[in-house]
Amino acid sequence: MVVERLSRLGRRNVLFDELEQDLEDEILDDSLEDDTKPQFLFPTIGESYKLYNHSYMSMGLLERGERDFIKFQESINGQVLQPIYELIRNDNLTPETLVSHSDKWSRDNAEFKCMALKRRYYVDKEGIVRDRRKKNRIVCEPVCMFDLLMCGHLMNDHMSYRQIHAHLNEVYSNITREFAHLAVRYCSVCNPDRTLKPIEKYRHKNMFKGLLPLERVHFEIFQPFDGEIIAKRYSHVLYCRDYVTRFIWLLPLKSTKFKHILTAISGFLLSMIRLPVYLESSTLGKRDLFDICEYMCGEYGIKLGLGVNNSSQFHANGVRRIKKLLNEHKDDCLSDWNNCLKCGPHYLNRIHNTLAVGIPSDLLYSCDLKRSREFSLKQEKVIDESSADNVVHVKKGLIYLESEEAQYIDEGESDIEGEDISDCEQSVAHDDRVENSPAREQDQPMDDVHPSSEISEPSTSFYDELISPSRKRLKLASKVETA
């Protein structure tokens with residue numbers, strides 16, 4: 001058998017064959033002296049597992065694994081499949097070839113996808129496809145992935161899938177733990193009963209799937225270009241995102257003066273298909289957001305809720321993500337505001353969002369009449385169950401505050417999500433995730449946002465007494481009304 005010809009210590013590490021012979025001999029000698037630390041044998045891309053298959057192993061099960069593995073690959077959004085891989089390797093990737101080789105992309109968004117793929121993947125001087133976002137690691141050819149994993153498993157005495165993933169992931173960017181786990185299941189030695197679960201489409205989970213569309217939204221104010229003015233008029237932008245669908249809105253702001261923010265937010269909310277149950281923000285303090293809601297409720301007789309579950313990591317990642325997109329088209333965006341809309345929300349709302357498990361525009365606007373009724377009942381229920389201390393009547397309107405005991409939620413998103421930009425996207429997840437708790441102060445603005453003193457100074461009795469509006473707030477609201 002071939003596996004007997006190549007002993008564990010006699011086989012050369014094919015990924016590091018440039019090592020000098022004396023260094024290699026030294027490594028082998030050390031391994032002979034210490035059998036408790038065997039060297040991991042790296043398989044070669046393109047090498048078939050059949051070279052290492054024992055006679056007592058089920059070849060039929062392995063061949064079934066090859067077929068099932070390809071089906072599983074195709075079910076995962078964001079995976080570079082064989083046709084796209086070949087376009088990248090042969091330097092033949094264009095919007096036209098992308099559309100002709102994949103039914104996931106239309107001519108309208110193929111240009112963005114093509115640009116994202118070129119920005120992420122490249123071919124080195126030796127003709128190897130590498131992944132810039134994953135520290136320039138090698139991209140394993142998709143059709144060779146099952147062979148690579150199974151060879152690694154057989155060459156290393158049926159090593160566990162976790163260990164195989166740990167070793168191969170150091171070299172290859174697209175080897176995941178799920179792939180390794182699936183491959184090992186088709187080894188009849190490690191799975192003697194040959195019990196296999198049906199291959200199901202791999203699905204990402206929406207952390208906020210319990211919410212209704214537009215039930216909870218967050219507003220953020222920031223400078224997309226760090227002090228530079230858009231179209232010689234706008235210094236800041238107002239960013240709004242729905243928690244469930246990840247649908248994004250973007251509005252221009254001339255400054256962070258209270259009147260400009262109030263005009264933008266009130267106009268936006270009154271034009272929505274339904275008012276959110278809860279509003280949140282990490283860049284506007286709670287007092288500032290309360291002032292805005294108070295003016296709107298008193299002026300227009302509406303009901304607005306203020307959420308206390310500030311998912312600051314979710315908010316911050318959304319801001320970083322759209323800033324990254326806008327800055328990739330900085331010159332165009334600075335010259336024309338409409339380019340900001342095109343490169344930001346127009347693009348993000350029309351492509352698949354892995355964490356939302358769908359296309360944001362489709363998720364938001366596919367709400368049926370039954371959902372609309374459910375939304376109204378949920379808002380009424382929230383108000384009815386709110387304690388008297390958390391409800392503020394403002395003329396004909398009403399502000400209700402989320403209880404501090406409400407379940408705290410947060411989502412550790414990557415800056416660029418799964419199949420959306422990255423592809424441009426899911427950029428490497430942050431390990432420095434911010435620790436949040438209900439007791440943690442959430443009013444601090446983000447580092448890249450510089451609100452003016454006009455909106456940063458406390459101007460409400462939000463924490464002191466939840467009763468009628470203070471004189472200062474009434475005075476501020478009257479100024480805005482006459483402005």
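Bear in mind that the values in this text are calculations on the coordinates, not laboratory data. Note that this is a predicted model, so its numbers are computed, not measured. Glycine gets a Cβ as well: all are built from the backbone with ideal geometry, and neighbour counts include every protein chain shown.
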Going from the fewest other Cβ atoms within 10 Å to the most, one would list Val184, Val143, Val189 as Val189, Val143, Val184
Largest-first principal axis extents of the Cα set of the range 274-329 (Å)
42, 24, 21
Test of understanding: ordering Ser48, Ser403 by Cβ neighbours within 10 Å, fewest first, what list do you get?
Ser48, Ser403
Can you sort Ser281, Ser58 from fewest to most other Cβ atoms within 10 Å of each residue's own Cβ?
Ser58, Ser281
Run the Debye formula on the Cα coordinates of the range 323-400, all scatterers equal and no solvent, and tell me log10 I(q)/I(0) at q = 0.17 1/Å.
-0.82
Looking only at Cα atoms, what is the convex hull volume of the range 159-285 per residue, in Å³?
194 Å³
Once the Cα gyration tensor of the range 86-136 is diagonalised, semi-axes √(5λ) in Å
21, 12, 7
In whole Hz, the Karplus estimates of ³J(HN,Hα) for the range 377-383 (6.51, -1.76, 1.60; θ = phi - 60°; x where Gly or Pro) are 5, 5, 5, 5, 5, 4, 5
Using the alpha carbon gyration tensor of the range 45-195, what are the three equivalent-ellipsoid semi-axes (square root of 5 times each eigenvalue), largest first, in whole Å?
31, 17, 13
Which entries in the list Lys113/Lys254; Lys113/Lys257; Lys259/Lys396; Lys324/Lys378; Lys342/Lys378; Lys104/Lys378 go over 26 Å, if you measure between the two C-alpha atoms of each?
Lys113/Lys254; Lys113/Lys257; Lys324/Lys378; Lys342/Lys378; Lys104/Lys378
